[in-house]
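What follows is a short report on a single structure.
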Ligand SMILES: Cc1cc2nc3c(=O)[nH]c(=O)nc-3n(C[C@H](O)[C@H](O)[C@H](O)COP(=O)(O)O)c2cc1C
């Protein structure tokens, strides 16, 4: 179908959301999910899928989701870090549901959910 | 719109495709399905990444992980380890991407970090078959800007400010050419893209068409607007099937979006593009021969003037530019001519794409700012000659160019600088030669090419190149005389001065430049009847040294029966004599060397 200039701008913005991933200088938010054997067996895959789904739903285009291996604290798995502007927060004992909340609260609203972080859990 | 957490970019250029990158892509997709992560990871087939030597190439984002020489059997590991579990498969990385166990991203390895990409900026980054990905990276923004905010004169002015010169060979200022084309009024006018790319070893234009075909379409449309033309032709050789099919897809998509056709973006401007396939003759890259070919005639040059800007296709005003020239234009319109002219050196602005080939470690495609030195390109980016061989010369400008020596390595690359040294920029072939290359043989190789490709229309080129080649043949086979050398020179200048088109005018360049820089090699062939590098087989002589034990193994295999026991007596007891080769009958097949027992190794080749 023939596109107007406004249509083209829309196409550009939409497509860019996905493609920003290929521009390494753009992102300032990075979610690092533990995907060691420990993580996967504790249910890291559904957590990862939930994160991506939530990011997708909200069109958060400058969030990178990467995986990492075992970080040595297997009892806390599934766990992931959220890095925003080089500040790192580690969330532990995640479920799909909690992960979705983290995306909304932490990444969108910029409010850390203290209850889910490693500092809180270690003190328990 | 689906957002993926990871993108796997696989090179779909001609080089990597021929080493099965399409199958690698299919395998990757099926592995991702098997692992259930195909909705999280996107697989994209892109254009050429440039480092063809290391193909097939795969880049995984967001990390920018650079896998090289990927095999189908490696795909499973990359999918399971990297994409599922996030562990980079280190042993499959490009060797330079791993330094002291630290993984470098694709932007950080030397080959890329020293380049600057304008014409190639989308190659290896976007899916060339998806117009949306082109649009995402500012595609068609330049067209919107030109059509809605600029009048044709302003577009041409911007090009003039940019200092862009033609990338197809002659280096004519592009803004000026557009101005000429715009100045001729006619009911029909044309824009033509020269994608004939006939230089042996050159593949810049092919890679642009394969990697970012929309850039060329967008620029041609802008050219139509600026010069008052409503119809474009892309003349591309039929030997580039991937480029042709991507162009076809791109044209179809652009038409669907209304970016080609009638009333583009509701501005009232009409422009359409058609592909014309060429049969791949070198001379058809010459603009007037190209016009003849588009008109359905035999590809032979016309005399100039009139230039195509006045009388081109069907006798109508025609603007002809090279693929790479066009590929620079959207960026110039978007970022301004000033920005472009800030890159490079006074007479040569912007960047140039080179196809590195010959005796060089990183064979492939590089784009560098003008003014970069040959040394930086050959050593820092190209990695120098393989196997620690010594650099001898570099041929720029393909068969029409000349060779430059190690003395010239610190020359900043630019149109005028290369011409001053007796070579030229040409379309961007860069063939490196090391100590094992015979320069007379190299000159003969290029002459062989131009002699074959001469269209035959004018005598100096048709007959002259043939005679030049015969002279070189004589020299390479040991039949040359000193007189032949002066005849070679005389004829070379004659052809240069008297040929009809640039094919003939530049055909003697390889001879003239090798004669100038490597005269000693010619003299060795002519006077000593020796080829210093051993490339010219006919000048090799086989000898049997005094290590010979007289066994006769060599004589028994010699197909010409020219080895006889006629040397001095080796052993008084048996009366055996050393064997001797009659070099007047020897055909240099090398069978005797193979037959001589390794412990003895009495036969040498000099
Ligand atoms: C023998 C010969 C072959 C040529 N081959 C090509 C070619 O393959 N591609 C090209 O763009 N220009 C080629 N040219 C140069 C064209 O004649 C013309 O100068 C060029 O297409 C103009 O575009 P530009 O100003 O953008 O460089 C060739 C010229 C000669 C004499």
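Please treat every number below as a calculation from the coordinates, not as lab data. Since this is a predicted model, take the numbers as computed values, not measurements. Here Cβ is always computed from backbone atoms with ideal geometry, including for glycine, and neighbour counts include all displayed protein chains.
List B:375, B:605 from most exposed to least, where exposure is judged by having the fewest other Cβ atoms within 10 Å.
B:605, B:375
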message: Could you work out the relative contact order of segment B:541-605? I mean the mean sequence separation of Cα pairs under 8 Å and 6+ apart, divided by the number of residues, in percent.
response: 45
- prompt: Arranged by the count of other C-beta atoms within 10 angstrom, fewest first, what order do B:339, B:314 take?
  reply: B:314, B:339
query: Computed FRET efficiency, Cβ-Cβ of residue B:435 and residue B:586, R0 30 Å: what is it to the nearest 0.05?
result: 0.70
field: Considering only the protein assembly as shown, percent of DSSP beta bridges that pair antiparallel, nearest 5
entry: 60
query: What is the spin-label model distance, in nm, from residue B:387 to residue B:29 if the labels are put 7 Å beyond Cα along the C-beta direction?
result: 4.1
query: Which shape class applies to chain B: rounded if a/c is under 1.5, otherwise prolate when a/b exceeds b/c and oblate if not, where a ≥ b ≥ c are the square roots of the Cα gyration tensor eigenvalues?
result: oblate
- line: Everything considered on the Cα gyration tensor (a ≥ b ≥ c; rounded for a/c under 1.5, else prolate if a/b is larger than b/c, else oblate), the protein assembly as shown must be described as oblate
statement: One quarter of the C-alpha convex hull surface, i.e. the mean projected area of chain A in nm², amounts to 9.1
- request: Output the antiparallel fraction of DSSP beta bridges having both residues in segment B:6-113, as a percent to the nearest 5.
  value: 60
statement: A chain fully extended from residue B:99 to residue B:556 at 0.36 nm per residue, minus the present Cα-Cα distance, gains in nm 159.0 nm
Fully extended contour minus Cα-Cα distance, from residue B:185 to residue B:279, at 0.36 nm per residue: 30.6 nm
- request: Grab the Cα-Cα distance for residue B:477 and residue B:113, subtract it from 0.36 nm times how many residues apart they are, and report the gain in nm with one decimal.
  value: 126.5 nm
task: Using only the Cα atoms of segment B:6-113, build the gyration tensor, take square roots of its eigenvalues as a ≥ b ≥ c, and label the shape rounded, prolate or oblate: rounded if a/c is under 1.5, else prolate if a/b is larger than b/c, else oblate.
output: oblate
query: Rounded to the nearest 5, what is the percent of antiparallel bridges among the DSSP beta bridges in segment A:21-122?
result: 65
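At a 10 Å Cβ-Cβ cut-off, how would you order B:408, B:38, B:525, fewest neighbours first?
Details: B:408 21, B:38 16, B:525 29.
Fewest-to-most ranking of B:408, B:38, B:525: B:38, B:408, B:525.
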Pairwise centroid distance, computed over Cα atoms, of segment B:254-271 with segment A:36-98, Å: 46
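How high is the relative contact order of chain B, given as a whole-number percent (alpha carbon pairs under 8 Å, six or more residues apart)?
Taking the mean separation of contacting Cα pairs over the length of chain B, I get 11 percent.
If R₀ is 30 angstrom, what is the calculated FRET efficiency for the pair residue B:497 and residue B:375, using the beta carbon separation as r and rounding to 0.05?
Working: r = 34 Å, r/R0 = 1.12.
Here the calculated transfer efficiency is 0.35.
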